[in-house]
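Here's the structure, in structure tokens; my notes come after.
The values are calculated or read from the model by the stated rules, or taken from the named source; none is laboratory data. Computed from a predicted model, the values in this text were never measured in an experiment. Quick reminder, even Gly has a Cβ in these numbers, built from the backbone with ideal geometry, and neighbours come from all protein chains shown.
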Amino acid sequence: MSMSMNAVIVGADRLGNIPGLLKDHNIEIRQHISGREPAHQKKTYQLPSGTQVVILLTDFLGHNVMKSFRSAAQRAGVPVVACRRSLGSMQQALTLCGYRCCERCPQKQVEAHCAPS
């Protein structure tokens, strides 16, 4: 079994069932940031060391916060996955970005995209 990837999730106050879906994709949540604090809008935000992917929950983030974390991911050379805060949207985004899942996960057609850093 391969090692888990470390992810930083940005957006939403609560994650609901998302941690379980990420676990199925062998992704561990290193840090969850709601994105509500003014400090998160700064362009000099640094990702925690060891971060391997940034997941942006776009329906719970302002443009400045998204821009700030995309820039931080780019500086760190970390890929960004952007999707809505729903299991179907995240499932599709992870699949489109190449994060393989087990057979028991649903494959739903929902708008989502990934962006290279």
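Taking the listed residues G11, G62, G16, the one that is in contact (Cβ under 8 Å) with a residue 24 or more places away in the chain and farther than 20 Å from L87 by Cβ is G62, with no other qualifying. When residues in segment 34-59 are screened for being free of Cβ contacts under 8 Å to residues at least 40 places away in the same chain and either charged (D, E, K, R) or in contact with a helix residue (DSSP H, G or I) (Cβ under 6 Å, 6 or more places away or on another chain) (or both), 9 of them pass.
Candidates in segment 86-103 are the residues that are surrounded by fewer than 17 Cβ atoms within 10 Å (Cβ to Cβ) and either charged (D, E, K, R) or within 15 Å of V10 (Cα to Cα) (or both); of these, the one that is modelled with the highest pLDDT is R100.
Of all residues in segment 78-102, those satisfying the criterion of being within 10 Å of the chain's Cα centre (by Cα) and in a helix (DSSP H, G or I) are M90, A93, L94. Taking segment 1-77 and the strands (runs of 3 or more DSSP E) fully enclosed by it, no element has 2 or more residues that are surrounded by fewer than 16 Cβ atoms within 10 Å (Cβ to Cβ) and among the aliphatic types (A, V, I, L, M).
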